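The values are calculated or read from the model by the stated rules, or taken from the named source; none is laboratory data. The structure presented is a predicted model; accordingly, all values stated were derived computationally and were not measured. Here Cβ is always computed from backbone atoms with ideal geometry, including for glycine, and neighbour counts include all displayed protein chains. Just so you know, the surface numbers come from the protein's heavy atoms only, side chains and all, with ligands and any DNA or RNA stripped out. Shrake-Rupley method; radii C 1.70, N 1.55, O 1.52, S 1.80 Å.
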Amino acid sequence: MNRERLHSISHVLFLTLVAVLPLHTVFFRVEIAWKPWLILLVVVASLDLLASEGFPWSRRVSTGLAIFLASVLVSWPGLPLTSVFWRLWLALLAGALLLLVTARHGRQLDAVLRVVFWSGAAMGVTAFFVSLATNGSFGVEAVAALNDVPFVERINKPAYLSSGFIAVTNWHQDPGYAALWANVWLLLSVVAWRRGVVRAPAWVGPVVIGSLAAATVLTYSRTGWIGLLAAVAVLVLVAQKEGRRSLRATAKLLWAGALVAVALIAIQILLDPRDVGGDILVALGFRLDYLGELGFIDLGTEGVVDPGLVVADNRLDVWREYWSLFLDSPVRGIGLGTGWGRAGLQEPHNMWLQILAETGLVGLTGFGALLASLGRGGGRVAAAGLVVVALAAMSQTVLFEPVLWFCLGLWVAGTLGEDETGGSQRA
């Protein structure tokens, strides 16, 4: 098979990878969790190597990634936490590979955006029905049965209250990350629809965008809600720079999507039986009441602690603790993954604190080298996606989440020249 044919197959498989990239609930475990996107990533990278006469990816970016991965190795915490360390380091390696293949194939941006749009449509549809089941519309048995499907880890999660507050995680195991994926896919779907790369009846665009917005709301993730507002703000700012016509069209699309989101949530509320599964009004009320509370929430006899949590979720205490851990070992850190592996400690819910405390100044310098290798001026689409991800990074550890590496890959796709990849299309 000639190289051109191999490249064509690789590109089709890459687009398939993009379609399932947000899907993190379905996998089989052999040492690590083999998710659909990860399997496809290995195949796409292998075909890229076979289809190229030389090194298929940007040498500049590859060098930056190598420096970062090597700097993280310096933080190895020792034998007690070795398995956690290597699993997370492999997750970074997978992210690095995703960045490289996205930079190579993401130059055909319209094709990527088209796939994201229809992937987002599927995500919105499943979120609607998962929400109905989670809220008890299909009976009490369906609430728990959602998480008993073979090869599916979790698509809803009890949160805080002992009853009535069950967050929809849909395509992810964690509600915060589920919301992040929905927000990024919503942003890219709006761009896809506005660019005219999707052929569908006029009502499809607002329905897809509204269903993704509703999916974010029903995760009850504060970071997700803020991220949704940020995505809308970024889309408006980008459209404003493109002119009044673009601004009016974008505003009209977002307004229609908002109406769809309100209608979908209203349907959920109307079909939500009391005292069965999740209770939307209870969960929304709880989140709104404690929207700005980052410390431990004490509701007395009602109880607030998720029984699955080993350590109470108190962001203020965790952030202070991680800063102290960085000061104790500022050069090489306490070791990647220590937050997951050490009893009485948890992840910091902040990407920068994670890098600082667990990999030290060495890891931070390595990450800086990676960012410097990405180049400048990667295009408005990639920049908009990175703004949403960067906002989430302040209260979530997005370092191991593929959405970060995918958006970085889109940024690089808009900066690479012909001398590095054989052509370019601005992202």
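On the given criteria, is L38 under 24 Å from T16 (Cα atoms) and surrounded by 14 or more Cβ atoms within 10 Å (Cβ to Cβ)?
So L38 passes the test.
Give the number of residues within segment 204-243 that are aliphatic (A, V, I, L, M), free of Cβ contacts under 8 Å to residues at least 40 places away in the same chain and either closer than 19 Å to D174 by Cβ or crowded, with 24+ Cβ neighbours inside 10 Å (or both).
0
Just name the residue that is modelled with the lowest pLDDT out of those in segment 310-333 that are β-branched (V, I, T) and open to solvent by 30 Å² or more (accessible area, probe 1.4 Å).
Step by step, filter segment 310-333, then rank; the result is V310.
Restricting attention to segment 339-375, which residues are surrounded by fewer than 20 Cβ atoms within 10 Å (Cβ to Cβ), small (G, A, S) and in contact (Cβ under 8 Å) with a residue 60 or more places away in the chain?
Result: G341, A369, A372, S373, G375.
For segment 266-285, give me each residue that is crowded, with 20+ Cβ neighbours inside 10 Å and touching a Ser or Thr at 6+ places or on another chain (Cβ under 8 Å).
Q268, D272, G277, G278, D279, listed by residue number.
Can you tell me which residue is nearest to V184 (Cα to Cα) among those in segment 376-396 that are open to solvent by 40 Å² or more (accessible area, probe 1.4 Å) and modelled with pLDDT under 90?
The extreme case among them is R380.
Which residue out of W193, W255, W185 is closer than 20 Å to F117 by Cβ, of a type in the set (F, W, Y) and open to solvent by less than 10 Å² (accessible area, probe 1.4 Å)?
Going through W193, W255, W185 in turn, just one is closer than 20 Å to F117 by Cβ, of a type in the set (F, W, Y) and open to solvent by less than 10 Å² (accessible area, probe 1.4 Å): W185.
Would you confirm whether any residue within segment 79-90 is among the small types (G, A, S) and in contact with an Asp or Glu (Cβ under 7 Å, 6 or more places away or on another chain)?
No, segment 79-90 has no match at all.
Within segment 106-126, how many residues are open to solvent by less than 10 Å² (accessible area, probe 1.4 Å) and either of a type in the set (S, T, N, Q) or at pLDDT 95 or above (or both)?
Residues in segment 106-126 being open to solvent by less than 10 Å² (accessible area, probe 1.4 Å) and either of a type in the set (S, T, N, Q) or at pLDDT 95 or above (or both): 8 in total.
Being over 21 Å from V398 (Cβ atoms), over 22 Å from the mean Cα position of the chain (by Cα) and surrounded by fewer than 16 Cβ atoms within 10 Å (Cβ to Cβ): is that true of S58 here?
No: the conditions fail for S58.
So which helices (runs of 4 or more DSSP H) stay within segment 131-219 end to end and still have 3 or more residues that are over 21 Å from the mean Cα position of the chain (by Cα) and over 23 Å from V262 (Cβ atoms)?
On the way: elements: 140-145, 175-195, 204-217.
Correct list: 140-145.
When you look at G409, is it modelled with pLDDT under 95 and not β-branched (V, I, T), yes or no?
In short, no.
Looking at this structure, is L88 open to solvent by less than 70 Å² (accessible area, probe 1.4 Å) and within 29 Å of R107 (Cα to Cα)?
So L88 passes the test.
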